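The values are calculated or read from the model by the stated rules, or taken from the named source; none is laboratory data. Predicted, not measured: the structure shown is a model, and the values here were computed from it. So basically every Cβ, Gly included, is an ideal-geometry build from the backbone, and we count neighbours across all protein chains shown. The protein model used for the area step is the full one, side chains on, heavy atoms only, and it has no ligands, DNA or RNA in it. Shrake-Rupley method; radii C 1.70, N 1.55, O 1.52, S 1.80 Å.
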Amino acid sequence: MAVRDRTRARPRAVLFALFALVAGMFAAPASASAAGLTQVTGFGSNPGNLAMYAYVPDGLPAGAPLVLALHGCTQSASDYHGHSGWAELADAHGFAVVYPQTTSVNNANSCFNWFQSGDTARGQGEALSVKQMADHATALYGTDPDRVYVTGLSAGGAMTAGLLAAYPDVFAGGSIAAGIPAGCARSLVDAYTCMYVSPGKTPQQWGDLARAASGGWSGPWPRVAIWHGTGDTTVVPANATESRDQWTDVWGTGQTPAETTTLPGGTTRASYEDASGRSVVETYTISGMAHGLPVDPGTAAGQCGATGTYYPDRLCSSYYTAQFWGLI
């Protein structure tokens, strides 16, 4: 099992830099407001060397939901807080948000190490650090341990997939934006294949990777939303199809949607239902959109977020994700 060397900058740091350069993952936009965003320390043993930031609306009642939101490469908790729309939704609908943050100490381009098995496996590395944040926030803020959700963009989306597979007992739902299926990569070389080429696995093979990562979990599994633009050349859209295959196989729904609807911003939503008729996997395909997380600034119902680099103005994905999870 691969283990990171945090102390030696050598060629590996150069490879990380090349990875982010070739991938085009995230030039940080101008600094965003971090009003109300607070760093939290002492949340656990933190084997992944991550930082924890939290946004908790005033007067949050006991038993509220909790959302963990993971940034992309070269981004930060503050950046994601300021653009993704989760803070606005937390204020409006009453839930807490935790933003895990990595740094260049872990990865030369501040990417979550979604392609390193030592950071995605259950009980190890960055994955365990995020799980510890969820546990700590639940105790600290009195949130509902049965309503914990995780979401992320690009490298953060790929890490979200890994977290859903490793900790289906912790997360009730997830949202993978411009991300990659759980278990696709175990090295930097693998990462390029996952990003640019479809590995060609069957739904069962993808599902088996998630099941193997879970530590023997038999369900219920997290409900999963998958967001991807058809014009994405950084993480090819085939990854959205493979993510759908993975989670529909885990749920046993098959890969034919029960319903397809049209949303704003050139978005098509497909819903995959369990035996009871509940939508458990949804894909959101945005026509022509390049790599990023769609937002829709404004104060009208359904609007949220702020535009910026890799935050195109289409529709507020965070709003529709929250709605899918039952937070709205």
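Quick rundown of the values:
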{"quantity": "Accessible area per residue, Å², the chain with all protein chains present, probe 1.4 Å", "calculated": "36"}
{"quantity": "Ordering of 37-45, 108-116 by packing [mean C-beta count within 10 Å, highest first]", "calculated": "108-116, 37-45"}
{"quantity": "Percent antiparallel among DSSP beta bridges (both partners in the chain, rounded to 5)", "calculated": "50"}
{"quantity": "Distance (nanometres) between label positions extended 7 Å along Cα→Cβ at residue 218 and residue 146", "calculated": "1.9"}
{"quantity": "Calculated log₁₀ intensity ratio I(q)/I(0) where the Debye formula runs over C-alpha points of the stretch 196-314, q = 0.09, 0.15, 0.23 Å⁻¹", "calculated": "-0.28, -0.75, -1.28"}
{"quantity": "FRET efficiency estimate (nearest 0.05) - Cβ-Cβ, residue 193 to residue 268, R0 25 angstrom", "calculated": "0.40"}
{"quantity": "Nearest-0.05 FRET efficiency for residue 39 and residue 62, computed from C-beta distance (R0 35 Å)", "calculated": "0.90"}
{"quantity": "Hydrodynamic radius of the chain per Kirkwood, over alpha carbon pairs, in Å", "calculated": "19.2"}
{"quantity": "Within the chain: Cβ-based charge dipole about Cα centre, in debye rounded to nearest 20 (Lys, Arg +1; Asp, Glu -1)", "calculated": "800"}
{"quantity": "Whole-angstrom gap from the stretch 82-140 to the stretch 173-251, using each part's C-alpha centre", "calculated": "19"}
{"quantity": "Rounded to 5, percent antiparallel among DSSP beta bridges of the stretch 183-328", "calculated": "65"}
{"quantity": "Heavy-atom accessible surface of the chain: percent carbon and sulfur, 1.4 Å", "calculated": "52"}
{"quantity": "In nm, spacing of pseudo-spin labels at residue 300 and residue 204 (7 Å Cα→C-beta vector)", "calculated": "4.8"}
{"quantity": "Separation of the residue 323 and residue 258 label points, Cα + 7 Å toward Cβ, nm", "calculated": "1.8"}
{"quantity": "Candidates 210, 300, 182: whichever shows maximal mean-square fluctuation once the chain is modelled as a Gaussian network with Cα springs under 10 Å", "calculated": "300"}
